[in-house]
Structure formats: structure tokens, C-alpha cells
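Okay, so here's the structure we're looking at.
Just so it is clear, none of the values below were taken in a lab; they were calculated from the coordinates. Since this is a predicted model, take the numbers as computed values, not measurements. Positions of Cβ are backbone-derived with ideal geometry, glycine not excepted, and every protein chain shown enters the neighbour counts.
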Amino acid sequence: MTRRISILGCGFVADLYLRSLQAMEGIEVVGVYDRDATRLDHFCAHWGLPKKTSLTAFLADAPEGGVILNLTNPSAHYELNRACLEAGHHVYSEKPLAMELDEAKALCALATERGLLLASAPCSVLGETAQTLGYALRKGIAGTPRAIYAELDDGFVPQAAYRKWLSETGAPWPYEDEFRTGCTLEHAGYYLSWLISWFGSVRTVVAASAETIPDKTGTGLMAPDLSIATLFFETGPVTRLTCSIVAPHDHSIRIIGDNGVLRCDAAWDNSAKVSYAKRMNLRRKLVESPFPRRVKLGRATHPKVKRWGAAAMNFMLGPAEMLEALEQDRPCRLSTAFALHMTEVTLAMQNAGETSGAQRMTTRCDPMEPMPWAR
């Protein structure tokens, strides 16, 4: 059976979705719309896709039972996610779900009321690396997890040649949107989704955030470019999560257990190596093994995508999961509650500032059912 999607917005990130789509089978794009007519023409011509000339036509022609991918600018997410839901369509939104928690809650309430699926990127939680770490946790390979250190630091981006970053079809990296939205809203979900999928709800966030480099583009105040959070889960280890575009590049996650440390060094690679270093005493010194062993699932997982730029991720794993859930009439792993809780925690980190203190979360979600090949 062909599964059908419609794409709203064809800027920089849309090319990453289309590159990923080439690795998938049985998914058809039935319509694309972007308010920039020139960009729409170029994108659809390059990928051989049908374009729609207005949002009204796009929503009217989106197929029943399909999924709309909202790949527009973050500031438009609430308005357009709501329009898609009100038109009766399931929605997969790029992150964040909305820029304000009340807006995200309203979207989720609307989706629930209409019996529609509403999910949010990122979907790397469904990828091999995240699922392998989840498998290692369930198997107790490192023993009981006691603490987690997760880093999403991207280097000193304000000095990078970001004005020259172009997508496959020539769309520029939207640096003003990125700086205005903030690296926490853009990137925290890459590890936060993994953590919530393993342990469920975050109970309390203790965080701080700051804009360390003001006026990056000469257009005024932007969002924080650094955040540091300590996450207290309902049932799970205390976790430190950092996000920045100023600290040296580090995308590692370390899960510290009673017996040793599980580690991955590449959040944006679905095939990144997961290793386990056993803890041991050598003479009078406690060390982690200098020869960590690799943890593997030992079975076929999902279609992979070759590296492009900084990432080797299959961006279509999320939409594919939604389509499969609809086809099989089962709960979607990327549930509405999951998207909402991830949004609340991310906003708590982003908006922490200097004096916010501890913030109790108001939303909840369950851990995620592992993929069939990771059980």
C-alpha cells in the first residue's frame, strides 16, 4: 500500500527530508506548498513533485489518512499546525511544535479532540543508535544507570561560514531564524527525545540559559545561545543536558551505570557506534576499560541515509512511523503526549535565564515502545 504525505514548506530542511525519502519505499508525496513561489518551483522541479499554488488548495488536496509534514519556519508552526488539524489532517511538525507552551497545549488538545495524530521532530529516537542504547539499558549492560551526561554543543557557530551553507537545491541555511529560535529549541530534542523514550516524564527541570554573544546578525536581541539543565525524571537517573553554539563541538552522551559507562559520540548519526566500558580496579586505581566493547543489535534495523553536511540521519523515520501506525491502527510511538512533554521541557531550558530556579513540569508521557528490531 502506498502511504501518502504532503509537504508544507520547502526551505533548507525540506531537502534533508527528500534525501531521506529516497531511501524509503512505499511513501508518495502528493503535494507541496511554500509561500515563496520561486523556491516552490525550484524545489518541485528538482525532486519531481506536484506543487500547490495556495495553502487553501494544499489543505483541500491533502489526502484523507495521509500526513502533512510542516517544515516551515518555527514562528509559523503554531498557526500552520492548527490550520492543518482544523482541516482534518494528521500532522508531523518540525521542531518546535510551537514557540509557547500554551500554544503547544492548545494544538495537542485540538488533535485529541479531532482524533488526529500530532507528532514532532526530531525522529532520531527511532534510529538505530538511540534504539541500541535503549536496548543496552533494558538489558542492564552497564548495571543500574545513576547519572547521564549529554552534550549538544555545536562549536563557535557565529564565526562559521554559515551564510554560505546551502541545501542540496540551493536553499540557504536560515541563520536569522535559527538564532532567533535558539539552539535549545532547535537541538535539545535530539537527546531529550531519547531520554524521554527510555525513562518517561521529566518531573523537574533546573536550568540556566543566556545569550553569550549578543546581536549576532546586527538585527537585535536573539534567543539564548547556551543552556545547561539538570533533569530529574519521574523514574530515571539525574541527567545533565547542555546545548550551545559557542562551546567546542561535542555531541556525546554518557550513561553512567553501576558497572561501567555506555557511550555514543554522534547524536546526528543513526549508525553511530555505541560502546560499553566496564569499570575495574587496576592496582589501587579505579578506571574504565581502555578497550570498550561495541554494543550491537545484530539484526536489520531501518534504511540508512549517507552523510550530508553535519548529519547522517533518516529524517523520514518519524513520518513513516506515523503512516505505519495509521495503517496498522495502533498507537504511534511519536505520540501527541510525547511531543507536548518534550516541548515543555525544552521551553523550560530555553527560557530559564539566570534566576528561574527549579521548574515543575505540568505534562506527562510514558516511555516509548522500542522498535520491533530493538526488543
Is there a quick way to get the dipole size of the chain? I mean about its Cα centre, with the Cβ of Lys and Arg at +1 and of Asp and Glu at -1; what is the value in debye to the nearest 20? 1980
Most exposed to least, judged by fewest other Cβ atoms within 10 Å, ASP250, ASP36 sort to ASP36, ASP250
Give the residue from LEU107, TYR162, TYR149 lying farthest towards the positive end of the charge dipole for segment 80-181; charges sit on Cβ (+1 for Lys and Arg, -1 for Asp and Glu) and the dipole is referred to the Cα centre. TYR149
More than 30 angstrom separation, counting every C-alpha pair in the chain; what % is that? 37
Determine the gain in length on full extension of the stretch TYR149-TRP373; use 0.36 nm per residue of separation and subtract their C-alpha separation, reporting nm with one decimal. 78.0 nm
If each residue's Cβ is checked for other Cβ atoms within 10 Å, how do PHE199, PHE315 rank with the fewest at the top? PHE199, PHE315
Would segment 283-375 count as rounded, prolate or oblate if I go by the C-alpha gyration tensor, calling it rounded below 1.5 in a/c and otherwise prolate when a/b exceeds b/c, oblate otherwise? oblate
What distance in nm lies between label points placed 7 Å from Cα along the C-beta direction at GLU28 and LYS139? 4.1
In order over segment 88-97: 3J(HN,Hα) from phi, Karplus 6.51/-1.76/1.60, θ = phi - 60°, whole Hz, x for each Gly or Pro, gives x, 10, 5, 10, 10, 9, 4, 6, x, 4
What is the dipole size for segment 99-243, taken about its Cα centre, with +1 at each Lys and Arg Cβ and -1 at each Asp and Glu Cβ, in debye to the nearest 20? 580
Please state the Cα pair-distance histogram of segment 3-120 with 5 angstrom bins from zero: what percent is in each bin? 2, 12, 24, 25, 20, 12, 4, 1
Among GLY66, ILE7, ALA23, whose Cα sits farthest toward the positive end of the charge dipole of segment 3-120 (+1 at Cβ of Lys/Arg, -1 at Cβ of Asp/Glu, about the Cα centre)? ALA23
Under 13 Å between alpha carbons, and skipping anything fewer than 8 positions from LYS285 in its own chain: which aspartates and glutamates qualify? none
Taking the DSSP beta bridges in the chain as the whole, what percent of them are antiparallel, to the nearest 5? 60
Only counting other Cβ atoms within 10 Å, I'd like ASP225, ASP258 sorted with the fewest neighbours first. ASP258, ASP225
Could you compute the FRET efficiency for ALA210 and GLU288, with r as their C-beta to C-beta distance and R0 at 35 Å, rounded to 0.05? 0.60
Anything over 18 Å Cα to Cα? Flag those among LYS51/LYS306; LYS164/LYS216; LYS273/LYS296; LYS139/LYS278, in the order listed. LYS51/LYS306
Tabulate in residue order the Karplus-calculated ³J(HN,Hα) for segment 297-310, using 6.51 cos²θ - 1.76 cosθ + 1.60 with θ = phi - 60°, rounded to whole Hz; enter x for Gly and Pro. 7, x, 8, 5, 10, 8, x, 9, 10, 5, 4, 9, x, 8
Mind jotting down the distance between the C-alpha centroids of segment 20-97 and segment 225-263, whole Å? 34
Run the dipole for segment 304-365 about the Cα centre, Lys and Arg Cβ at +1, Asp and Glu Cβ at -1, nothing else charged, and hand back the magnitude in debye, nearest 20. 240
Percentage relative contact order, the chain, counting C-alpha pairs under 8 Å, at least six apart: 20
Sort the following peptides by mean Cβ neighbour count (other Cβ atoms within 10 Å, averaged over residues), highest first: 353-365, 138-150, 283-295, 63-75. 63-75, 138-150, 353-365, 283-295
